[in-house]
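A quick write-up on the structure given underneath.
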Amino acid sequence: MKRAMTWLSVFTMLGIAVALWLTRPAVVNPTRFASLHGNATRGEVVFWAGGCASCHKAESSDDDLALPGGRRFVTQFGNFIAPNISSDPTHGIGDWTVAEFASALLHGTSPEGRHYYPAFPYTSYARMNDQDVTDLWAFMQTLPALPVASRRHDLTFPFNVRATLGVWKFLFLNSDWVRPAETPELERGRYLVEALGHCAECHTPRNLLGGSLASAWMKGAPHPAGKGRIPGLVPSALDWSAEDIAYYLETGFTPDFDSAGGEMAEVVATIGRLSPEDRLAIAHYLKALE
Amino acid sequence: MNFSKHFALMVSALTLAGAMLAHAGGHDGNPAANARQAHMKLYAFNLDVIGAMAKGEVDYNAEIARSTANNLLALAMMHQDAYWAPGTSTVELGNETRALPSIWEDGSRFGDIGVQLIEAASQLAEAAGESQDAMRGAIRGVGGACSACHRNYRQR
């Protein structure tokens, strides 16, 4: 009996070891980025489309180019605190390589080889193309270095064990496109919505483990902070014209001239800086959803 | 008539309109909440006129654009302390209001955002009569001020 128990625990441990190995943090191959040249001007567009400032600027700051972190995100798994991603080499990401930056965005893996939590929406950024990652990196290096230490998240067990995230990623991290795109404009709209704009992170409901439900893509979701709902953006839920949607993304004004509130106010603050063509491409992507 | 006099007149006329709306709404619900909601609706009404021109739904008309933007500025500049009387948040009034208690808490930036709206509305008032493009560019600033306040102080 005793021996059986010993064997059982040995097998269990082996099983865990194999699972951990299979779900170990993935990184990009550095040679993939070696020949690419970053363009900071183009990177700025990626930066606004990606909405990095919404999460990484200081709490209630109006400066979208200062990224010391510190904002707190309350979720059912505990509180996440956005880290410093300024160009400071000690406290920020100033001393990273472009490949390390790419591994963070595309695979959710840190330079130390640890899994990031999906509170950092790499589940969407995983669809970014390599040139955009490289351009964004060039732009981020032009931002001010802020010597502010990142703070630890305040999470409950077992969510505070990063290794468990490997299983989560295995189940839910997927860089395939969700919807087909028939024209170049729809393709651009899809890229802005599904990759950079990470719209689905809020507008799509999640399952019990926090994975997005592709079957209810952009159909609206309960608000993660409890009260209220995040509206659906599929045509059956939102009957605005494409021009109305584009104007809302530019100014925050609805067709009734109320103005956006909630987290969407921050999305408009960044996405509103894109070109009119890009905002219209987003609107047309939304109108083509079912 | 010089500009500031013209302005003072407009502001007092609007104050009166606000007071009347408050009174009219007073029959049901909290008068302060009714008044500020009516004030917000006046913002929206004026932005509708400007927005229709910005979107190209109706032809741009410099005169209408300028006077509408002046309305908006006048509204933004009204003294609103009585609307935002303490004790009229969602905690006390429940579903009658979406005004969050944080408006009245220490460190509230509610007043600062009000000033931000005045600044953005002045820029719009200057740009609106210039050209459709100038006007369109300045609307985003106004929208930013409205949204900044709704983000933090209006219940979802």
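Towards the positive end of the charge dipole of the protein assembly as shown, with charges on Cβ (+1 Lys, Arg; -1 Asp, Glu), say which of A:N207, B:Y153, B:A52 has the farthest Cα.
The residue sitting most towards the positive pole is A:N207.
In a shell of Cβ-Cβ distance under 11 Å around A:V98, excluding A:V98 itself, what net charge do Lys and Arg (+1) and Asp and Glu (-1) give?
-2
So with the 1.4 Å probe, I'd like the accessible area per residue for the protein assembly as shown, rounded to whole Å².
Value returned for the protein assembly as shown: 51 Å² of accessible area per residue.
Between beta-carbons, use under 12 Å as the cut-off and find the net charge around A:T23, counting Lys and Arg +1, Asp and Glu -1.
Its environment carries a net charge of +3.
How much net charge surrounds A:N160 when only the other residues with a Cβ under 13 Å from the Cβ of A:N160 are counted, with Lys and Arg +1 and Asp and Glu -1?
Counting the neighbours of A:N160, the net charge comes to +2.
Once the Cα gyration tensor of region A:58-203 is found, what semi-axes does its equivalent ellipsoid get, as square roots of 5 times the eigenvalues, in whole Å, sorted largest first?
Largest first, region A:58-203 gives 25, 21, 15 Å.
Between A:T254 and A:I81, what FRET efficiency comes out of the Förster formula 1/(1 + (r/R0)^6) with R0 = 30 Å and r the beta carbon distance, rounded to 0.05?
After rounding to 0.05, the efficiency reads 0.40.
Taking Cα centroids, how far is region A:231-279 from region A:193-212 in Å?
18
On each of the three principal axes of the Cα atoms of region A:2-57, give max minus min coordinate, whole Å, ordered largest first.
Result for region A:2-57: principal-axis Cα extents of 67, 31, 13 Å.
Convex hull over the Cα atoms of region B:30-153, averaged projected area in nm²?
Spelled out: convex hull of the Cα atoms, projected over all directions, averaged, 7.4 nm².
Using the Karplus curve 6.51 cos²θ - 1.76 cosθ + 1.60 with θ = phi - 60°, work out ³J(HN,Hα) for each residue of region A:67-82 in order, rounded to whole Hz, and write x for Gly and Pro.
10, x, x, x, 6, 9, 10, 8, 9, 5, 8, x, 9, 9, 10, 5
Taking Cα atoms, how many degrees apart are the long axis of helix A:242-251 and the longest axis of chain A, rounded to 10 and kept between 0 and 90?
That works out to roughly 80 degrees.
What size of dipole, in debye to the nearest 20, comes out for the protein assembly as shown about its Cα centre when the only charges are +1 on Lys and Arg C-beta atoms and -1 on Asp and Glu C-beta atoms?
1800
How shielded is A:224-232 by partner chains, expressed as the average number of their Cβ atoms within 10 Å of its Cβ atoms?
The mean count of partner-chain Cβ atoms within 10 Å per residue comes to 1.
When 1/r is averaged over all different Cα pairs and the result inverted, which Kirkwood radius in Å belongs to region A:1-136? Intermediate values should be presented prior to the final figure.
Values: mean 1/r = 0.0585 Å⁻¹.
About 17.1 Å for region A:1-136.
What is the gain in length, in nm to one decimal, between A:T41 and A:N207 on full extension, counting 0.36 nm per residue of separation less the C-alpha to C-alpha distance? Spell out each step's value before the answer.
Numbers: separation 166, 0.36 × 166 = 59.76 nm, distance 3.84 nm.
55.9 nm is the gain from fully extending A:T41 to A:N207.
If you put +1 on each Lys and Arg Cβ and -1 on each Asp and Glu Cβ, how big is the dipole of region A:26-174 around its Cα centre, in Debye rounded to 20?
On the way: 11 positive and 13 negative charges, 109 e Å.
In debye, rounded to 20, region A:26-174 gives about 520.
Can you give the FRET efficiency to the nearest 0.05 for A:R32 and A:L8, using r as the Cβ-Cβ distance and R₀ = 35 Å?
0.20
Give me a single rounded figure for B:133-146: the average over its residues of other chain Cβ atoms within 10 Å of their Cβ.
Working: counts 0, 0, 0, 4, 0, 0, 5, 8, 1, 4, 13, 9, 2, 9.
For this peptide, the per-residue mean of nearby foreign Cβ atoms is 4.
Calculate the translational D of region A:143-290 in whole µm² s⁻¹ from Stokes-Einstein, where the hydrodynamic radius comes from the Kirkwood formula applied to all Cα pairs, the temperature is 4 °C and the viscosity 1.567 mPa s. Mind showing how you got there, number by number?
On the way: Rh = 17.1 Å.
For the chosen part, D equals 76 µm²/s.
So what is the relative contact order for chain A, in percent, with contacts set as C-alpha pairs under 8 Å and at least six apart?
Relative contact order here is 19 percent.
Treat each spin label as a single point 7 Å out from the Cα along the C-beta direction, and report the A:T183 to A:R162 distance in nm.
4.5
Need one value: the accessible area of A:K287 in square angstrom, 1.4 angstrom probe, rounded to the nearest 10.
80
How far, in nm, would the chain grow between A:A225 and A:W21 when pulled straight, counting 0.36 nm per residue and subtracting the alpha carbon separation?
Going from the current span to full extension adds 70.0 nm.
Within 10 Å of each Cβ of A:259-272, how many other protein chain Cβ atoms are there on average?
What the average comes to for A:259-272 is 5.
To the nearest 10 degrees, how steeply does helix A:276-287 sit against the main Cα axis of chain A, on a 0 to 90 scale?
That works out to roughly 70 degrees.
If only Cα atoms are counted, what is the Rg of the protein assembly as shown, and what is its Dmax, in Å?
Both quantities, over Cα of the protein assembly as shown: 24.9, 102 Å.
Could you order peptides A:133-146, A:73-86 by the average number of other Cβ atoms within 10 Å of their residues, highest first?
A:133-146, A:73-86
Hey, what do the phi angles of region B:88-95 turn into as Karplus ³J(HN,Hα) couplings, whole Hz, using 6.51/-1.76/1.60 and θ = phi - 60°, x for Gly and Pro?
Using θ = phi - 60°, the values come out as 10, 8, 4, 5, 8, 9, x, 6 Hz.
Take the Cα atoms of region B:90-156, build their convex hull, and give its volume per residue in Å³.
Working: hull volume 5.9 nm³, N = 67.
Expressed per residue, the convex hull around the Cα atoms of region B:90-156 is 88 Å³.
What does the extension gain come out to for B:S131 and B:E119, with contour length at 0.36 nm per residue minus their alpha carbon separation?
Working it through step by step, the gained length comes to 2.4 nm.
What is the angle, in °, between the Cα long axis of helix A:98-107 and the longest principal axis of the Cα atoms in chain A? Nearest 10 is fine, range 0 to 90.
Relative to chain A, helix A:98-107 is tipped by roughly 90 degrees.
The values are calculated or read from the model by the stated rules, or taken from the named source; none is laboratory data. Note that the structure is a prediction, hence the values are computed from the model and not measured. Cβ sites come from the backbone with ideal geometry, for glycine too, and all protein chains shown count toward neighbours. Quick note on the areas: whole protein, heavy atoms, side chains included, nothing else; ligands and nucleic acids left out. Shrake-Rupley method; radii C 1.70, N 1.55, O 1.52, S 1.80 Å.
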